[in-house]
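Engineer: I have a structure I would like to understand better, so I am pasting it below and will then ask my questions one at a time.
All of the numbers you see were taken from the coordinates with simple rules; none came from a lab. These numbers were taken from a predicted model, which means no experiment stands behind them. Backbone-built Cβ (ideal geometry, glycine too); neighbour counts: all protein chains shown.
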Amino acid sequence: ETLFHSRDHSDRETSPLHQAKPIADLHAAQRFLSRYGWSGSQGTWAPSPEGPPEATKATTLSEAVRRFQRVNALPASGELDAATLAAMNRPRCGVPDTRLPPPAGAPPPPGPVPRATRR
Amino acid sequence: RRFLRMLLLRPGWQQEEPPDGGVARAFSKKTLTWRLVGEALSSQLSVEEQRHIFRLAFRMWSEVTPLDFREDLTAPGPTVDIKLGFGRGRHLGCPRVFDGSGQEFAHAWRLGDIHFDDDEHFTPPTSDLGISLLKVAVHEIGHVLGLPHTYRTGSIMQPNYIPQEPAFELDWSDRKAIQRLYGSCEGSFDTAFDWIRKERNQYGEVMVRFSTYFFRKSWYWLYENRNNRTRYGDPIQILIGWHGIPTQNIDAFVHIWTWRRDERYFFKGNQYWRYDSDKDQAYTDDEQGKSYPKLISEGFPGIPSPLDTAFYDRRQQLLYFFQGSLVFAFDVNRNQVLSSYPMKITEAFPAITPHNHPFRNIDSAYYSYTHNSAFFFKDNAYWRVVTDKDIQQNPGLPTNGLFPKKSISEQWFDICDVHISTLNM
């Protein structure tokens, strides 16, 4: 341990290169939706010769966007608007949201909702 | 889909097909081991701080599930159930590359590996800045245990990081979600009691308040009846919360409370201790200068020891002492056992439903001010004693009868052990 701490770690300094690329365009949004389970297989998003006809792709995309908007309490327009892109850029866990929220959780306990107090 | 298939097909990984196609538990054993991988430390926090935060994260899940978590620094890597590590970009042989500071901050594999993106600004629980490593760790451990994302407000399993005050806890629904996978916490108690204390409110009026305690081995929980759960951060060691009484395996507690008397006694073996509520410590001597602990046979003539348990009936001003299949009723005013005792517990407290009775060796007898009833605990079950009010509503009920048994965990929630190595965190 002391050896580890005494060694030089400048190679590990956070460099500006290590910023996540903002999700700001259609392609990045498609990758996001696919990566986190909001859309079907990669093929639906990535341009591929045998991919489904243009109309289907557009429908699939807007349907996936709509689903994502709904759980994030955004207007389910199916459009990649600024609010939707902002939601995609929020810090998140990398596990896909594949299983949409499980059935409604157990009914809340009787009595006031407890606020977390410092342990 | 390929990624998910990889997640689920871990050799030896426990995948019980969930009945409703929902979530499934990931482990079938009670004690799971974890390790912060030595070659994957964060460069932002000291190693000890990283390990302490992870120890607390595991303990928080252990406080609400029958699972225990133990840090294992020596076993061969592949045998450790959950391995945690930090990395940047392409890391630790993981096919899911991290994206740098912002957006994805961590991910978990059902294989039991948890990776944190060290490009994120992870901070300790005391900090309001950055991303709380504790919150992220609790979230990712939730995944490894089998919980998916949910968008329910207040849940620790929301996919996005919710910056809020650093103090956070697992809420009711998260607790029930994990208990649907691993069950509720069961187990017997050495003693359970309501601790009455008088306080003055802002108008100077005397208020009587009570706190409920459950004791087991060398630790205890305070139970918050209004919140239907134990106090956040419990269990803690008896040694820490109580001063001057035995630090484990207490047999019984009674609170003799009349117009003239307000005495609290702990019993263990053949001795008993009196506790001073105001000073929050055991008495060392009585009014005559005789020292505590004292022999039970001296203070309570005719009462045997060691006891199974005891409780005080304020209505009759009787102490009931239980040993084996017998019960002794002790008159606190005459300081003697009633002439008709000892009696078989089955006679003094008859079963309402035939054969539905603890019969002997009761773990704990608990009078609850929340329920205005006495309960007998044995193993995972409780029997409620018939009250005057029950008899008013149903005159056919026997005095001091016992209603059929129920499971303790259906009445008192989340009284869960933690691994001994995290007990005094």
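Engineer: For chain B, modelled as a GNM with alpha-carbon contacts under 10 angstrom, which of B:Asn249, B:Asn335, B:Asn201 fluctuates the most?
Structural biologist: Of B:Asn249, B:Asn335, B:Asn201, the most mobile in the Gaussian network model is B:Asn201.
Engineer: Please state, rounded to one decimal and in Å, the Kirkwood hydrodynamic radius that region B:308-414 gives when every pair of distinct Cα atoms enters the mean of 1/r.
Structural biologist: Value: 14.1 Å, from the Cα pair sum.
Engineer: Which three semi-axes in whole Å describe the equivalent ellipsoid of region B:105-153, each the square root of 5 times a Cα gyration tensor eigenvalue, listed largest first?
Structural biologist: Square roots of five times the eigenvalues give 20, 13, 9 Å.
Engineer: Further question on the same structure: What residues qualify as long-range amide H neighbours of A:Arg92, i.e. H under 5 Å apart, gap of 5 or more or another chain, H built at 1.01 Å from N?
Structural biologist: Residues meeting the criterion, in which the H sits 1.01 Å from N, are B:Gln103, B:Glu104, B:Phe105, B:Tyr161.
Engineer: Now for a different question. Going by how many other beta carbons lie within 10 Å of each one, how would you line up B:Tyr272, B:Tyr292, fewest first?
Structural biologist: Result, fewest neighbours first: B:Tyr292, B:Tyr272.
Engineer: Right, next: Quick query: amide H of B:Trp195 versus all other amide H atoms, modeled in the peptide plane; which residues come in under 5 Å with a sequence gap of 5 or more or a different chain?
Structural biologist: Amide H to amide H, under 5 Å and 5 or more residues apart or across chains, B:Trp195 pairs with B:Ser211, B:Thr212, B:Tyr213.
Engineer: Right, next: Determine the distance separating the Cα centre of region B:150-194 from the Cα centre of region B:244-261; give it in Å without decimals.
Structural biologist: If we compute the Cα centre of each part, the gap is 32 Å.
Engineer: I would also like to ask the following. For B:Thr422, A:Thr84, what ranking results if the residue with the fewest other Cβ atoms within 10 Å of its Cβ goes first?
Structural biologist: B:Thr422, A:Thr84
Engineer: So, one more: Any idea what the relative contact order of chain B is, in percent, if you count C-alpha pairs under 8 Å spaced at least 6 apart?
Structural biologist: Worked out over chain B, it gives 13 percent.
Engineer: Using a cut-off of 21 Å between alpha-carbon atoms, which lysines can reach B:Lys135, once sequence neighbours fewer than 8 places away in the same chain are excluded?
Structural biologist: Counting by Cα, and skipping residues close in sequence, B:Lys135 has these lysines nearby: B:Lys83, B:Lys176.
Engineer: Given axes a ≥ b ≥ c from the Cα gyration tensor, I'd like to know whether region B:41-167 is rounded (a/c under 1.5), prolate (a/b larger than b/c) or oblate.
Structural biologist: rounded
Engineer: Under 5 Å between amide H atoms, partner at least 5 residues away or on a different chain: which partners does B:Asp68 have, H built in plane at 1.01 Å?
Structural biologist: When sequence neighbours closer than 5 places are left aside, the close amide H contacts are B:Thr31, B:Leu32.
Engineer: Continuing with the same structure: Taking 25 °C and 0.890 mPa s as the conditions, I'd like the Stokes-Einstein D for chain B in µm²/s, using the Kirkwood hydrodynamic radius from alpha carbon pairs.
Structural biologist: 101
Engineer: HN-Hα J couplings of region B:109-119 from phi, Karplus 6.51/-1.76/1.60, θ = phi - 60°, integer Hz, Gly and Pro as x?
Structural biologist: 10, 4, 5, x, 9, 10, 10, 10, 7, 6, 7
Engineer: Take every Cα pair under 8 Å in region B:203-358 that's 6+ residues apart, average their separations, divide by the length, and report that relative contact order as a whole percent.
Structural biologist: Reported as a whole number, the value is 13 percent.
Engineer: Can you return the lysines within cross-link range of B:Lys389? Criterion is Cα-Cα under 24 Å, with same-chain partners fewer than 8 residues away left out.
Structural biologist: In chain and number order, the partners are B:Lys405, B:Lys406.
Engineer: So, one more: Using θ = phi - 60° and the Karplus curve 6.51 cos²θ - 1.76 cosθ + 1.60, what whole-Hz ³J(HN,Hα) does each residue of region B:287-293 get, with Gly and Pro shown as x?
Structural biologist: 4, 8, x, 7, 7, 9, x
Engineer: Follow-up question, since we're still on this one. Please check chain B for the longest run free of GluC sites (Glu not before Pro) that are loop-located per DSSP (anything but H, G, I, E, B) and have at most 13 other Cβ atoms within 10 Å.
Structural biologist: After excluding every exposed loop site, the longest remaining stretch is B:40-204.
Engineer: Also, quick follow-up: So for region B:92-208, averaging the separation of alpha carbon pairs under 8 Å that are six or more residues apart and normalising by length, what relative contact order in percent results?
Structural biologist: 15
Engineer: I've got another one for you. Using R₀ = 45 Å, calculate the FRET efficiency as 1/(1 + (r/R₀)^6) where r is the Cβ-Cβ separation of B:His121 and B:Gln248; round to 0.05.
Structural biologist: Here the calculated transfer efficiency is 0.55.
Engineer: Taking the alpha-carbon distance from B:Lys279 and a cut-off under 17 Å, which lysines remain once sequence neighbours fewer than 8 residues away in the same chain are dropped?
Structural biologist: B:Lys198
Engineer: Next question, about the same structure. What list of ³J(HN,Hα) values in whole Hz, one per residue of region B:375-387 in order, does the Karplus curve 6.51 cos²θ - 1.76 cosθ + 1.60 (θ = phi - 60°) give from phi, with Gly and Pro shown as x?
Structural biologist: 10, 10, 9, 8, 6, 8, 10, 10, 10, 8, 7, 4, 10
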